[in-house]
Amino acid sequence: MLGVYIRRGYRVLARNWRCRLGELDLILARGDTLVICEVKTRRGSAFGGGFEAVTGRKRTKVRTVAEAFLQASGAGPRAIRFDVASVCLGPDGVARIELFEDAF
């Protein structure tokens, strides 16, 4: 997952950043843009794709925790983007990644 962002020129600022409000899976930056990426992993597709688990309630939670990160870090990006990485682990153990940029 990180490799996709690194190949595109992003810097990893934090992984699994936590505060009393919750956790952010990935925090990345490129230029003046901060990217918060919610990662959802599934084994198979019986319960739908990982992206389907990012409900309205989850989006609100991620935004709230992102605000806490901005305050704690003092970061002042010009733009913030919220991505969702949907990871599906096949029976062979190979991961397929779908990245939804600017998902919410």
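The values are calculated or read from the model by the stated rules, or taken from the named source; none is laboratory data. Since the structure is predicted, the reported quantities are computational estimates derived from the model, not experimental observations. Because the Cβ atoms are built from the backbone with ideal geometry, glycine has one as well, and the counts that use them run over all protein chains shown.
Just to check your reading of the model, which residue among 81, 63, 59 is out of contact with any Gly (no Cβ under 7 Å at 6 or more places or on another chain), on the phi < 0 side of the Ramachandran plot and in a strand (DSSP E or B)?
81
Being touching a residue at least 60 places away in the same chain (Cβ under 8 Å), surrounded by 14 or more Cβ atoms within 10 Å (Cβ to Cβ) and more than 12 Å from the chain's Cα centre (by Cα), is that true of even one residue in the range 79-100? Checking the range 79-100: at least one residue is touching a residue at least 60 places away in the same chain (Cβ under 8 Å), surrounded by 14 or more Cβ atoms within 10 Å (Cβ to Cβ) and more than 12 Å from the chain's Cα centre (by Cα). Out of the residues in the range 52-66 that are surrounded by 12 or more Cβ atoms within 10 Å (Cβ to Cβ) and either acidic (Asp, Glu) or modelled with pLDDT under 95 (or both), state the one that is nearest to residue 33 (Cα to Cα). The extreme case among them is 54. Checking the stated criteria, residue 55 turns out not to satisfy the condition of being in contact (Cβ under 8 Å) with a residue 24 or more places away in the chain and among the polar types (S, T, N, Q). Of the residues making up the range 29-48, one or more are out of contact with any Phe, Trp or Tyr (no Cβ under 7 Å at 6 or more places or on another chain) and basic (Lys, Arg).
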